[in-house]
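What follows is a short report on a single structure.
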Amino acid sequence: MTTDPAEPKDTTLVIEEAEDEALEQRHLLGQLFAALTARYRDDDGHLNVGVKRQDLLEALHVNKTGLNRLLDLLRQQITSLGLELVEYRLGRDTLYCIRTLYGVPGELTDPEYAVLGVIIATIEQASKRRRPRRIATKDLETMLVARGRISRYQLDRILRRLIELGYVTRTARCIAYGPRLELEFDAERREAIASAATIYLAGAIAQSEGDTE
């Protein structure tokens, strides 16, 4: 029985190609992990989390199928590290980032949490009614400033802080969720915060009505 002398060469070539592909895949996964764990500030000093899908496609030089395959592989590998891959929407963009499965130290003061809670409660109620996920700035001022919970200066300062940390975004008239909010506050936690904020607002209303008697 004779053997084809070309067979060992072909097998070696296949092995080398497989090793090169595996090396390239590890390289891409390393780039992907580094990108999705990074936090950065934009030109306005606002904290941003995550990377847009289109930016990943261009940076990694892969198509959508290749990117989805890499994301699935990364998702499998990081679970044992107590991390998870998160996909979320911000405006019209789809973004990805990595977050811990465990709690992270809070960096907000009680007044900042209170204002954030009111924002969450209002936006969650709007979402349930299929309305835009935002709150008008004037409505927030009515709930907090007009009812004497905090001053306008305090509200402006707190909103700047929440924007800088990436919890909310603000246009001329409205406030919406920022990139960090839905990442660090899942649906269950947002619901709990909304309930607490509703009680907080009820106290504000009661106090306001008592002051007018």
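Can you pull out the GluC sites (Glu not before Pro) in the stretch 94-193 whose DSSP state is coil and whose Cβ has at most 12 other Cβ atoms within 10 Å?
For GluC sites (Glu not before Pro) across the stretch 94-193 that sit outside H, G, I, E and B with at most 12 neighbouring Cβ atoms in 10 Å, the list reads GLU107.
Among the chymotrypsin sites (Phe, Trp or Tyr not before Pro) within the stretch 94-180, which fall in a DSSP loop and have no more than 14 other Cβ atoms within 10 Å of their own Cβ?
Of the chymotrypsin sites (Phe, Trp or Tyr not before Pro), the ones in loops of the stretch 94-180 whose Cβ has at most 14 other Cβ atoms within 10 Å are TYR102.
Quick note: the coordinates plus some simple rules give every number you see, no bench work behind them. Quick caveat: nothing in here was measured; it's all calculated off a predicted structure. All Cβ positions, glycine included, derive from the backbone under ideal geometry; neighbour counts span all protein chains shown.
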